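As structure tokens, the structure follows; a few thoughts come after it.
Coordinate-derived values only; no laboratory data. If you're wondering where the values come from, they're calculated on a predicted model, not measured in any experiment. Here the Cβ positions follow ideal geometry from the backbone for every residue, glycine too, while neighbour counts run over all protein chains shown.
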Amino acid sequence: MPVHADTTRATKYSDIEKGDKVLLKQARENKFSSDDEPEPYIITRKERNAVVQQDSNSNSKMRNVAHTKTFVEPKAPLQGKKDLPSNKLERPEQLEQDQPIQTPVSKQHHERSLHPVPMKSLAR
């Protein structure tokens, strides 16, 4: 039975171990709130699918491993490199383009718009 349940539910083993930094899921207050708590926790103990997590204030919480996500440290900004490219135009040809862009219109469509169909011919 467990083998069948594991294959049909696409279960997988957690790679979270003691000492890892994780984010803990939180109840969402509204659609703008985050799914996870902003502060990372450190795993202090793991037993099967239960983990004990400790925050920076030494508060511990025991949760199921499914309620955690591994924390990825943000990369340090590059020093000595240019910032992100600005919206400046790179080619001088783009500066001279003062005319609006015209979309191609088929000749048949253009002729129809010049000569509207009288209302009498529509009412048959």
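Laid out as a table, the results:
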| quantity | calculated |
| --- | --- |
| Too-long pairs where the Cα-Cα distance tops 25 Å, listed order kept, from Lys46/Lys75; Lys18/Lys61; Lys21/Lys61 | Lys46/Lys75 |
| Along principal axes, Cα extents of region 16-70, largest first, whole Å | 33, 23, 15 |
| Protection proxy ranking, peptides 50-56, 13-19, average beta carbon neighbours within 10 Å, highest first | 50-56, 13-19 |
